[in-house]
Every structure is written in C-alpha cells, then in structure tokens.
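The values are calculated or read from the model by the stated rules, or taken from the named source; none is laboratory data. Everything numeric in this text was worked out from a predicted model, so none of it was measured. Methodologically, a virtual Cβ is constructed for each residue, glycine included, from the backbone with ideal geometry; neighbour enumeration extends over all protein chains shown.
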C-alpha cells in the first residue's frame with residue numbers, strides 16, 4: 001500500500017488558525033498542507049542543532065532560536081521550519097502566536113516526504129521573502145548532504161562552501177561554524193563539547 005506523504009485541504013488562513021486537525025501542518029496560498037510526523041533521527045538532529053545554536057546565541061546575546069512546531073508567517077504562507085533563529089534586533093516581531101517573518105536563519109531537515117518541498121518550494125519562497133540564511137540537512141541513509149545558503153544583496157541565495165577543514169561558517173551568526181561530520185555521528189556530539197570547539201572563550205565566559 002502506497003503511503004500518503006502529504007495531503008492538501010483548501011482553507012483560509014483564518015480557518016487554519018482555528019483548526020487543530022493535523023499533527024504537522026503548514027498553510028500555503030489558501031491550502032493547509034498535512035505532513036507525516038517526523039522520525040527519531042529527525043528529532044534527535046533537530047534537538048542537537050537547536051541546543052547548539054541556542055547555547056551560542058544565548059551566550060553572546062545574539063537572539064533566540066525557535067523549534068517546531070512554531071509558525072513563521074510570510075507573505076503568502078504560514079510555515080513551520082524545523083527550527084529558526086531570530087536576531088536580537090528582530091525579536092519585536094516575535095508574538096505569542098507566531099513570528100512575523102522572515103527569520104534570519106532557517107534550518108530544514110529533509111525527510112522522504114519533504115525533499116521537493118524543502119529544496120524547491122521553500123528554497124524559492126524563503127529567498128523571495130528575505131530569509132538571510134538557509135540550511136538544508138539531509139540525514140537519510142545514503143544521502144547526508146548539507147547545503148547552506150546566504151542571501152546576497154541581489155536577494156539571491158548563494159551557496160556557503162565548507163573551508164579546507166570541512167567547516168561551514170554562518171553568515172548571520174558571526175563566528176559560528178560547524179563540522180558536517182557532527183551531524184552523522186552516532187550518538188550525536190554533546191552540544192557543550194561542540195560549543196567548546198567553536199568558541200572556547202565564549203563557553204568559559206558563559207560558565208559561572
């Protein structure tokens with residue numbers, strides 16, 4: 001039996017706000033999109049990235065990291081990225097219900113059901129709406145690519161390439177970098193140890 005990976009229901013945004021019929025859903029151009037719930041590898045990876053980014057951002061007082069399910073409201077959509085970072089200067093757009101996007105950094109973790117949505121639909125949607133940095137992490141067996149992009153002054157996503165040591169350096173989070181191999185370790189690294197590798201002085205200063 002073929003597994004249904006996504007369902008679409010015609011619905012206004014007002015109706016979507018009042019509707020609780022899906023575990024995982026987003027709203028795009030007058031449609032509610034219903035997705036399969038995430039798997040264990042997805043949740044562990046999302047938690048690791050969220051913890052690592054949060055530790056760094058909080059230690060340096062750079063802003064706040066939000067973890068799904070939480071809505072980023074764009075021009076024609078209400079998306080729920082796996083996680084996103086909001087810089088301190090944009091925290092006023094964080095409401096009790098959602099974030100009036102775009103976020104400064106968005107991270108999506110790819111699953112079998114989200115490949116086209118994350119790599120095509122959201123890529124161009126986030127680019128058009130001004131997301132400053134976009135990471136795509138694909139933990140599926142036999143895949144495991146990482147694609148990071150930053151938004152140029154010409155409002156086009158440009159690839160962030162790893163340095164000679166395989167490290168990806170964030171444009172939005174000054175001084176932050178990660179090793180791609182961290183995401184494929186079993187078990188995943190301790191976020192505090194990873195932070196100590198990224199910014200040892202930051203960790204020392206943050207500890208009591």
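Here are a few things to note about the model shown:
- For the range 124-133, the set of residues classified as in contact with a strand residue (DSSP E or B) (Cβ under 7 Å, 6 or more places away or on another chain), within 24 Å of residue 16 (Cβ to Cβ) and not in a loop (DSSP other than H, G, I, E, B) consists of 125, 126, 127, listed by residue number.
- Hits in the range 197-208 (condition: at pLDDT 90 or above and either more than 20 Å from the chain's Cα centre (by Cα) or over 18 Å from residue 165 (Cα atoms) (or both)): 197
- Residue list for the range 173-187, restricted to those being farther than 24 Å from residue 60 by Cβ and assigned to a loop (DSSP other than H, G, I, E, B): 185, 186, 187
- Condition check for residue 165: outside any strand (DSSP E or B), free of Cβ contacts under 8 Å to residues at least 40 places away in the same chain and under 27 Å from residue 41 (Cα atoms): yes
- Scanning the range 88-116 for residues that are out of contact with any helix residue (DSSP H, G or I) (no Cβ under 7 Å at 6 or more places or on another chain), without any contact (Cβ under 8 Å) to a residue 60 or more places away in the chain and either assigned to a helix (DSSP H, G or I) or closer than 17 Å to residue 138 by Cα (or both) yields a total of 8.
- Tabulated pairs, the range 38-51, first on the phi > 0 side of the Ramachandran plot and surrounded by 15 or more Cβ atoms within 10 Å (Cβ to Cβ), second at pLDDT below 95 and part of a helix (DSSP H, G or I), C-beta under 6 angstrom, 6+ apart or interchain: none
Here is a yes/no grid of residues against (1) part of a helix (DSSP H, G or I); (2) surrounded by 14 or more Cβ atoms within 10 Å (Cβ to Cβ); (3) at pLDDT 90 or above:
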| residue | (1), (2), (3) |
| --- | --- |
| 119 | yes, yes, yes |
| 136 | no, yes, yes |
| 142 | no, no, no |
| 154 | no, no, yes |
| 171 | no, yes, yes |
| 189 | no, yes, yes |
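- Residue check for residue 85: closer than 18 Å to residue 53 by Cβ, in a strand (DSSP E or B) and in contact (Cβ under 8 Å) with a residue 60 or more places away in the chain: yes
- 3 or more residues closer than 21 Å to residue 99 by Cβ and either modelled with pLDDT of 70 or more or over 14 Å from the mean Cα position of the chain (by Cα) (or both): qualifying strands (runs of 3 or more DSSP E) within the range 1-81: 25-28, 31-35, 63-67, 71-73, 77-79
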